[in-house]
Amino acid sequence: MTRYLSIRLLLTLITFWVIVTAVFFLLRLAPGGPFDGERRLPPEVEQNLRAAYNLDQPLPRQYLNYLLMLGHGDLGPSFKQKDFSVAELVISGLPVSLTVGVMALVMALTGGIVLGTWAGLNTGTKTDLLIMGTANIGLAVPAIVVAPLLALIFAVWLGWLPAGGTGGPLHFLLPATALSLPFIAAIARLTRGSVAETLQEPHITTAMSKGLPRQRIIRRHVLPIALLPVLSYTGPAAAALLTGSVVVEQIFELPGIGRYFVQAALNRDYTLVMGVVIVYAAFILLFNLLVDVCYARLDPRIRLRS
Amino acid sequence: MNSRWLREALFGSSLARVCSTWLALMVLAALAGPALSPWDPQAINWDALDNPPSSSHWLGTDMIGRDLLTRIMLGARISLSVALIATAVSVVIGIPYGTLAGYLGGRADQLMMRIVDSLYALPFILIVILLVVVFGRSQLLLFAALGAVFWLDIARIVRGQTLRIRESDYIAAARIQGAGPTRILIRHLIPNVLGPAVVYATLTVPGVILAESFISFLGLGVQEPDTSWGVLIADGAQNMESAPWALVFPALALAATVWSLNMLGDRLRDQLDVQAARV
């Protein structure tokens, strides 16, 4: 298992480096730079600005500088938001984005697993049809549809929940719900299939014929196996939910880092874009590593090797 | 493979017939709709701002008086063509990658699939946004960028299929006759994984439609006066308190299309599994 995990860790680091490198060069390939704003700057001023941010140096040099800076845990200054470092901006927005993302992930997992298991244990019944029918609809309505509708119903018409901004956990409820609905549906479908399949396994038949209580069979024998595919899906799901917050932050006017990202990409604020991508990538990769560790512990084929 | 299973998947139940009909309608609307409509999708009409659905504007009008039905049909044109082209790109990347990994096997296969696994973990929406921002808002690029994101699923499926048929007698026979790896890949493996790959690609189409709508919603994709369902939903969301129809109808068109595609994709896949089980 150590070998398995060290390979995974190495791959994670390589992936991280590839992301940083790809985004760095992609940004520099883009036409335009951070300083061609509304007003044309005099050439001398622009020259000085570029020199101050080391943008006058050859590209490989800039790349090395950036990696060195990153190695010291520094994300650099923002090119556009004067007086702010990228780290300060990221730290101010990260709690919002993470809260929305994590809330959505928890809702997606609990909702999806509960509904999926329920349907999987009752395949072919009306309950199953109802849950799966709803799930199929859930898959087809993305956050950009659900979010405005939820805001319209619960904030504007009913006035139960705030429509935007921050100020308490309630403010995150609508964004997280909007974000998680398609994932509740996807996880429910996955769980249902997996539970139904596991029920057909010989060892479940054995447990049944031994007369073990049904609850116990489900908890001890069905779910640990049936949830393995769900576990491996949480990696991509977490990535999608975290980055999906870019969209709901826009709709609910939440001051998270997703909003910086779109703005910064349009402004060619190189360091801020890099900073946001690095933070997202770090969280996603870390989460995936965590999922791999859990998987390795749960799957005896990996746990017992070497 | 005969076409009976295809007919069964597309028209085998009333639900399937509803989905097929809806999709056919959408394709027709995308192709011919804007030309058939009496309204110009771009013409601003100051006498009909934010009109609710009526006999002249069946689905109402938008903030600047353009006929919503006509614009939804125009949006279908872009949303559907983005989806088709991006899916084609993903198939073109995914099939060779998957067959090669499956055919080579061993270390090379493991390495290639690990790469796919790591790519799954990338913050993809961010990367697509970057690509779109960096290379300008050309629609062609949007197609390519989305296709480049969605090939992973296809590659996985195709690899699995390849592993299965690699051991078939006809592959062994081809090898004994002296066919080289390139010939086996191109003449024997790829044609045989094409069917399953295309079936799974039908499940990619709705994903691309959703991704495009996200990007357009953020104002990074399709630009005015062109439109897509994502743009229409974004416009509708801005003004939903006074004109909810401008949000509801494009959202319905998007949701119904994605739902139909998911349904038919599932049916196609199930039929394919039945076929595979029979062989």
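Bear in mind these aren't lab numbers, they're just calculated from the coordinates by the rules spelled out. Quick caveat: nothing in here was measured; it's all calculated off a predicted structure. Here the Cβ positions follow ideal geometry from the backbone for every residue, glycine too, while neighbour counts run over all protein chains shown.
Values as computed for the structure displayed
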| quantity | calculated |
| --- | --- |
| Extent along principal axes [Cα atoms of chain B; Å; largest to smallest] | 77, 45, 28 |
| Max mean-square fluctuation residue, GNM over chain B, Cα-Cα springs under 10 Å, options B:Gly207, B:Gly106, B:Gly94 | B:Gly106 |
| The stretch B:193-215-the stretch A:175-194 distance, computed between alpha-carbon centres (Å) | 19 Å |
| Shielding score for B:214-221, defined as the mean number of other chain Cβ atoms within 10 Å | 4 |
| Directionally averaged shadow of the stretch B:68-126, computed from the convex hull of its alpha-carbon atoms, nm² | 5.3 nm² |
| The stretch A:93-256 - charge dipole about Cα centre, Lys and Arg +1 at Cβ, Asp and Glu -1, debye rounded to 20 | 680 debye |
| Chain A: most fluctuating residue of A:Ala52, A:Ala104, A:Ala135 per GNM, C-alpha cutoff 10 Å | A:Ala52 |
| The protein assembly as shown - charge dipole about Cα centre, Lys and Arg +1 at Cβ, Asp and Glu -1, debye rounded to 20 | 2540 debye |
| Estimated [θ] at 222 nm from DSSP helical runs (n ≥ 4, -39500 (n - 2.57)) normalised by residues in chain A, nearest 500 | -24000 deg cm²/dmol |
| For the stretch B:171-182, Karplus couplings with θ = phi - 60° (6.51, -1.76, 1.60), whole Hz, Gly/Pro x | 6, 4, 4, 4, 5, 5, 5, x, 6, x, x, 4 |
| For A:134-141, mean number of other protein chain Cβ atoms within 10 Å | 5 |
| Burial ranking of peptide ranges A:261-268, A:86-93 (average Cβ count within 10 Å, highest at the top) | A:261-268, A:86-93 |
| 25 °C / 0.890 mPa s Stokes-Einstein diffusion coefficient of the protein assembly as shown, Kirkwood radius on C-alpha pairs, µm²/s | 94 µm²/s |
| Shielding by other protein chains, A:259-266, mean Cβ within 10 Å | 3 |
| Tensor-based shape of chain A (alpha-carbon gyration tensor, a/c under 1.5 rounded, otherwise prolate or oblate) | oblate |
| Å³ per residue enclosed by the Cα convex hull of the stretch A:93-256 | 120 Å³ |
| GNM result for chain B, Cα springs below 10 Å: residue of B:Thr21, B:Thr204, B:Thr70 fluctuating most strongly | B:Thr21 |
